[in-house]
Structure formats: C-alpha cells, structure tokens
Amino acid sequence: MSTTVDSGLTVAWDITVDDAPVALSARGDLVAVAGAEGTVRVLDAAMGAEMGALELPSGALSVELAPDAGHLAATGPMGYALWRRKDGRTTVRESGAWSAAAAWADPVGVPPAERSRGWGRVAVASGRRTLVLDADGEELWRTDPAASTVTDLAWMRQGRRLAVAAYGAVHGHERHTPKPVVTYPYVGSHLALAVAPTGKWICSGNQDASIHIWRTRDGSELTMSGYPEKVSRLAFDDTGFWLAADGAPDVTVWDFSGKGPAGTAPRSLRCHETVTALAWRPGNGGHLASGGADGTVALWYATAGRPQQRLSPARELTGDGAGVAALAWAGPHLLIAAYRDGRVRAYGVPSRTAL
C-alpha cells in the first residue's frame with residue numbers, strides 16, 4: 001500500500017537491505033541494487049519484491065541492467081559478474097583487476113535478425129583493458145591496455161562505437177576493433193564519462209575539478225574549469241541537449257543545444273551541500289532528480305529559467321542524515337532512491353508535465 005510523504009509524492013514501497021547500497025540500475029520492470037560488500041539484489045520495480053541475487057566476493061562498485069532487462073552486469077574491485085533473468089544463471093569472474101564500470105550496448109542499431117536471437121553485448125572495465133562480452137559472458141574481444149586503469153566507458157552510435165576513459169585520453173573503438181580508431185587526449189584523470197545520445201559530444205568529469213568536452217565531428221575541445229571539487233558525476237538527458245554535473249554544492253546544468261556550451265553559463269540548482277546522485281527523468285521534459293549526502297532528494301525543472309540563474313527544487317524530500325547513495329528512474333513515474341543506511345525506497349511521481 002502506498003503512503004504520501006510531505007512533498008506530496010507517494011511511497012510505492014520501502015525496504016531495507018543488509019548491505020549498504022552503492023549503485024542502482026533500473027530497466028523495464030526491474031531494479032538492481034549493488035551493496036558495498038558485494039551483494040547485488042534484483043527487485044521487482046512495482047512492488048520491491050526480490051527476484052534474484054548474486055554475490056561479488058570482493059565487493060561491488062557498479063551495476064547495470066541490459067536494455068531488455070534480461071541480463072545484468074555487476075563490477076567490483078576484483079572482477080565482475082553476470083546474471084541471466086530467465087533462469088537465474090550467475091557467472092562470477094574474479095580476475096583480480098579493478099572493474100569500475102559496465103555498459104550494455106543498446107540493440108537499436110543491430111539488424112532485426114540478431115535482435116530476435118536475444119542479441120546483447122556488454123563492455124566491462126577490467127584493469128587497464130575493456131572486455132566486450134556477449135550476454136552470456138563469452139568474450140568477443142578486448143582492447144589493448146590503456147595507460148592506466150579504465151575508469152568509465154559508454155557506447156555510442158547505437159552500439160557501434162565504444163568510448164573508454166583512462167588517464168590521459170578517451171579512446172574510441174569500433175565494435176569489433178581492439179585498437180582505437182580515434183583518440184581524444186586530455187592530460188588528467190577521468191572520473192566519469194557521458195556521451196550525448198545524439199553522438200555529438202563526449203564529456204569527462206575529472207579529478208582536477210573540471211569538465212572536458214570533445215565535439216566528435218571534428219575533435220574540437222572545451223574545458224569548463226573552476227569547480228570547487230572533483231567532478232565525478234555527469235549525466236545527459238534523453239535529448240542530448242542538457243548535461244548535469246556535480247563538483248559543487250550546486251548541481252550545474254549546461255545547455256548543449258545549437259553550437260554547445262562554449263561561452264555560456266550553466267543553470268545552478270541549489271539544494272544540497274554535497275551532491276551524491278543525479279538521474280534525469282526519462283523523456284524530454286527537462287526533469288532531474290538529485291540526491292545529497294544529508295539524505296535529501298530534490299526534483300527539478302532543470303532546464304527552466306536562464307543561464308546563471310539559481311533554481312529552487314520543484315519538490316524536496318528532506319533527509320534524516322542517511323546520505324543518498326544512488327538514484328534511478330524505473331520509467332517516468334517511479335523514482336528509486338537508495339540510502340547509505342540500507343533503505344531502498346520507490347517514490348511515485350506525477351505525470352511528466354508536473355512535478
């Protein structure tokens with residue numbers, strides 16, 4: 001039974017897990033919750049009931065459900081694991097290599113005959129290499145070693161190109177080419193990677209408190225510096241026109257429409273002292289959810305107003321001191337929040353035209 005909280009939102013379900021959450025993923029009718037000690041739970045998005053589980057012995061860093069919600073990849077400090085929905089089959093690979101992230105290729109660009117056979121590919125960071133696997137874990141190919149540990153990765157061009165971030169550069173690989181076909185250099189440590197759904201922009205959040213941007217058409221570059229803290233969270237909305245970032249008490253939202261953000265100022269969203277999570281609502285409404293170290297969750301009309309204008313939340317869920325570990329949308333009307341004390345809560349959100 002749902003209840004109403006002080007923001008006017010409803011709580012669809014509320015559970016507590018025994019492994020402090022560090023990451024979330026939501027696809028279709030499933031939500032995956034990764035715990036710091038390595039427990040990954042797969043939940044029914046509508047009710048919160050557990051549908052499956054797996055263990056990464058060395059702990060978890062990230063979790064990612066496939067676009068069809070039929071498979072899951074989890075990564076950790078010593079390897080990675082794959083889970084298959086239809087039979088619960090779990091494959092754990094303790095490679096001994098730091099696996100920071102995994103990314104599933106969206107099969108939109110794959111021929112219909114391949115899609116009908118349950119096609120799927122997942123890229124997994126594994127130390128200085130990236131492994132590309134089929135949905136059942138068989139290795140298809142791997143990249144040559146990068147200069148340092150791979151920190152993030154993302155598919156581009158509907159799964160036809162893979163962007164891989166490591167110290168000093170972002171490398172682009174065609175879907176069957178271990179050697180990069182394009183390199184975007186930047187002297188620094190990349191912490192987060194975001195690729196516009198249009199394929200027009202690649203952005204990295206960096207240890208040196210900056211966002212670096214490449215325009216893929218011609219490789220031209222732009223750096224947005226001056227953040228007070230490292231930038232470790234970046235997210236494009238579904239249109240590819242808006243980029244949200246942490247790195248400051250305010251969430252900054254940059255406009256990438258037209259010629260991009262060069263010479264412009266961002267919108268600033270003020271609610272948290274420290275931003276710990278960002279998640280755009282599916283669709284093109286410009287709605288963003290953010291979470292803070294104090295447990296506050298805020299919902300924003302993030303693209304409203306003008307550059308340099310500081311916006312206030314459309315809705316705010318005050319916290320009780322347990323920080324927000326991660327946020328994910330299970331469709332446009334259900335926001336999942338994982339808190340560091342083990343709570344996982346689903347909030348019902350009004351229609352896209354309203355918050």
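The values are calculated or read from the model by the stated rules, or taken from the named source; none is laboratory data. This is a predicted model, so every value here is computed, not measured. A quick note on method: Cβ atoms are made from the backbone with ideal geometry, for glycine too, and the neighbour counts reach across all protein chains shown. Just the protein is used for accessible areas: all its heavy atoms, side chains included, with ligands, DNA and RNA removed. Shrake-Rupley method; radii C 1.70, N 1.55, O 1.52, S 1.80 Å.
For this structure, a couple of remarks:
- Test: residue in segment 270-280 that is farther than 28 Å from Asp14 by Cα, assigned to a strand (DSSP E or B) and of a type in the set (A, V, I, L, M): no
- Residues satisfying the stated conditions in segment 54-73, i.e. of a type outside the set (Gly, Ala, Ser), over 15 Å from Ala36 (Cα atoms) and part of a loop (DSSP other than H, G, I, E, B): Pro67, Asp68
- Residues satisfying the stated conditions in segment 17-50, i.e. in contact with a Lys or Arg (Cβ under 8 Å, 6 or more places away or on another chain), open to solvent by 10 Å² or more (accessible area, probe 1.4 Å) and among the hydrophobic types (A, V, I, L, M, F, W, C): Val17, Ala20
- Selection from segment 335-345 of residues that are open to solvent by less than 10 Å² (accessible area, probe 1.4 Å) and under 18 Å from the mean Cα position of the chain (by Cα): Leu335, Ile336, Ala337, Ala338, Tyr339, Val344
- First in segment 147-159 and within 14 Å of Ser232 (Cα to Cα) and among the hydroxyl-bearing types (Ser, Thr, Tyr), second anywhere and at pLDDT 95 or above and not in a loop (DSSP other than H, G, I, E, B), Cβ under 8 Å, 6 or more apart: Thr151/Ala125; Thr151/Ala165; Thr151/Ala166; Thr151/His190; Thr151/Leu191; Thr151/Ala192; Thr151/Leu193
- Condition check for Ala322: aliphatic (A, V, I, L, M), surrounded by fewer than 19 Cβ atoms within 10 Å (Cβ to Cβ) and either in contact (Cβ under 8 Å) with a residue 60 or more places away in the chain or closer than 25 Å to Leu65 by Cβ (or both): yes
- Only one of the numbered conditions (1) in a strand (DSSP E or B); (2) among the hydroxyl-bearing types (Ser, Thr, Tyr); (3) open to solvent by 60 Å² or more (accessible area, probe 1.4 Å) is violated by Thr252, and that is (3).
- Among the residues of segment 186-199, just one is at pLDDT 95 or above, more than 21 Å from Gly226 (Cβ to Cβ) and open to solvent by 20 Å² or more (accessible area, probe 1.4 Å), namely Val195.
- Restricting Asp136, Asp144 to residues that are touching a Leu at 6+ places or on another chain (Cβ under 8 Å) and not in a strand (DSSP E or B) narrows the list to Asp136.
- Residue satisfying all of: in segment 55-77; aliphatic (A, V, I, L, M) and within 20 Å of Thr149 (Cβ to Cβ); surrounded by the fewest Cβ atoms within 10 Å (Cβ to Cβ) among these: Leu61
- Every residue from segment 107-131 that is at pLDDT below 95 and buried (at least 22 other Cβ atoms within 10 Å of the Cβ): Gly120
- Residue list for segment 90-106, filter: open to solvent by 30 Å² or more (accessible area, probe 1.4 Å) and either part of a strand (DSSP E or B) or touching a residue at least 40 places away in the same chain (Cβ under 8 Å) (or both): Thr90, Val92, Arg93, Trp98, Asp106
Every residue, every condition in (1) among the aromatic types (Phe, Trp, Tyr); (2) in contact (Cβ under 8 Å) with a residue 12 or more places away in the chain; (3) surrounded by fewer than 17 Cβ atoms within 10 Å (Cβ to Cβ); (4) part of a loop (DSSP other than H, G, I, E, B), yes or no:
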| site | (1), (2), (3), (4) |
| --- | --- |
| Gly247 | no, yes, no, yes |
| Gly283 | no, yes, yes, yes |
| Trp300 | yes, yes, no, no |
| Arg306 | no, yes, yes, yes |
| Leu327 | no, yes, no, no |
| Ser351 | no, yes, yes, yes |
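- Residue that is farthest from Val122 (Cα to Cα) [pool: residues in segment 47-72 that are among the small types (Gly, Ala, Ser) and in contact (Cβ under 8 Å) with a residue 60 or more places away in the chain]: Gly48
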